[in-house]
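The values are calculated or read from the model by the stated rules, or taken from the named source; none is laboratory data. This one's a predicted model, so the numbers in the text were calculated from it and none came from an experiment. Neighbour counts are summed over all protein chains in view; Cβ atoms, including those assigned to glycine, are modelled from backbone coordinates with ideal geometry.
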Amino acid sequence: MDAIRRFRLAVMEWAAGGAGAPAAAAAAHELAASTALRTVVLVEGVSDQVALEALAARHGRALGAEGIAVIPLGGATSIGRFLNLLGPQGLDVGLAGLCDAGEEGHFSRALERAGLGCDLARADMEPFGFYVCVADLEEELIRSLGAASVQQVVDAQGDLRAFRIFQKQPAQRERNVEQQLRRFMGTISGRKSQYARSLIDDLDLTQVPRPLDRLLAHLYL
């Protein structure tokens with residue numbers, strides 16, 4: 001297991017608390033000091049991690065090999081704890097992040113508490129490397145690709161019949177196809193991550209959603 005992955009797992013165990021937290025904290029400190037760790041990117045979930053790493057790969061970059069650890073928070077409400085561990089009052093490593101519009105407040109308040117600004121609006125967070133998706137990452141990718149192209153990806157994944165059945169559900173009939181696709185991707189555990197990679201692989205690199213594009217650019221400043 002490479003050092004950046006071990007650092008990521010140690011930080012996640014440390015943040016979770018419990019009996020293993022002290023050992024995980026020690027491991028995180030040691031790995032941060034002994035590896036070429038450059039930046040930690042805090043994202044809400046595994047699908048965001050998958051998308052960012054897949055986009056970097058399409059540009060010929062390997063984030064882990066370049067000292068960038070992408071850590072899924074397991075929900076935006078955990079951002080404060082991770083910033084306490086990793087920010088100026090903790091390991092004091094380079095930080096960046098990505099969140100959904102609905103969780104923007106959690107991120108901005110946590111950044112303020114960590115001493116990274118005051119009264120932070122969305123535009124104020126970006127110089128720190130934190131970017132906000134319009135709705136969420138799935139919505140950003142569906143909008144960039146277009147509904148027709150996304151349905152081709154769904155077909156290639158063998159899910160088109162399941163999606164057509166899903167569209168006929170009473171709760172979905174009043175939604176447009178973009179909204180239906182977004183909902184469909186969240187119906188089964190692991191499906192968001194599956195489609196995050198597939199949609200990134202199918203994406204025209206001139207049409208990358210702004211939050212992902214700016215975040216990746218920030219990491220390579």
Does Leu221 qualify as being modelled with pLDDT of 95 or more and either assigned to a helix (DSSP H, G or I) or surrounded by fewer than 16 Cβ atoms within 10 Å (Cβ to Cβ) (or both)?
no
Single residue of Gly117, Gly129 found to be in the same structural domain as Trp14 (by TED's automatic domain parsing) and at pLDDT 95 or above
Gly129
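Return yes or no: is Gly17 modelled with pLDDT under 95 and at positive phi? Before the answer, list the steps.
Working: modelled with pLDDT under 95: yes; at positive phi: yes.
Answer is yes for this residue.
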Is it the case that Thr39 is closer than 17 Å to Gly94 by Cα and more than 22 Å from the chain's Cα centre (by Cα)?
no
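Just give me the residues in the range 188-210 being surrounded by 12 or more Cβ atoms within 10 Å (Cβ to Cβ) and not hydrophobic (A, V, I, L, M, F, W, C), in sequence order.
Taking the range 188-210 first, the residues surrounded by 12 or more Cβ atoms within 10 Å (Cβ to Cβ) are 191-203, 207-210.
Hits for the range 188-210 are Arg191, Lys192, Ser193, Gln194, Tyr195, Arg197, Ser198, Asp201, Asp202, Gln207, Pro209, Arg210.
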For the range 108-151, how many residues are under 20 Å from the mean Cα position of the chain (by Cα), over 18 Å from Ala217 (Cβ atoms) and among the hydroxyl-bearing types (Ser, Thr, Tyr)?
1
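What residue, among those in the range 130-143 that are of a type outside the set (D, E, K, R) and surrounded by fewer than 20 Cβ atoms within 10 Å (Cβ to Cβ), is farthest from Phe184 (Cα to Cα)? It would help to see each step written out before you state the result.
At the first step, the residues of the range 130-143 found to be of a type outside the set (D, E, K, R) are 130-135, 137, 141-142.
Okay, now just the ones that are also surrounded by fewer than 20 Cβ atoms within 10 Å (Cβ to Cβ), so 134-135.
Details: Val134: 18, Ala135: 15 Å.
Step by step, filter the range 130-143, then rank; the result is Val134.
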Please state which of the following conditions Gln179 fails to meet, knowing it meets all the rest: (1) free of Cβ contacts under 8 Å to residues at least 24 places away in the same chain; (2) closer than 25 Å to Val40 by Cβ; (3) not β-branched (Val, Ile, Thr).
(2)
Just to be sure, is Leu31 within 24 Å of Thr77 (Cα to Cα) and crowded, with 17+ Cβ neighbours inside 10 Å?
no
(1) surrounded by fewer than 18 Cβ atoms within 10 Å (Cβ to Cβ); (2) part of a helix (DSSP H, G or I); (3) outside the structural domain of Ala69 (by TED's automatic domain parsing) all hold for Asp213 apart from (3)
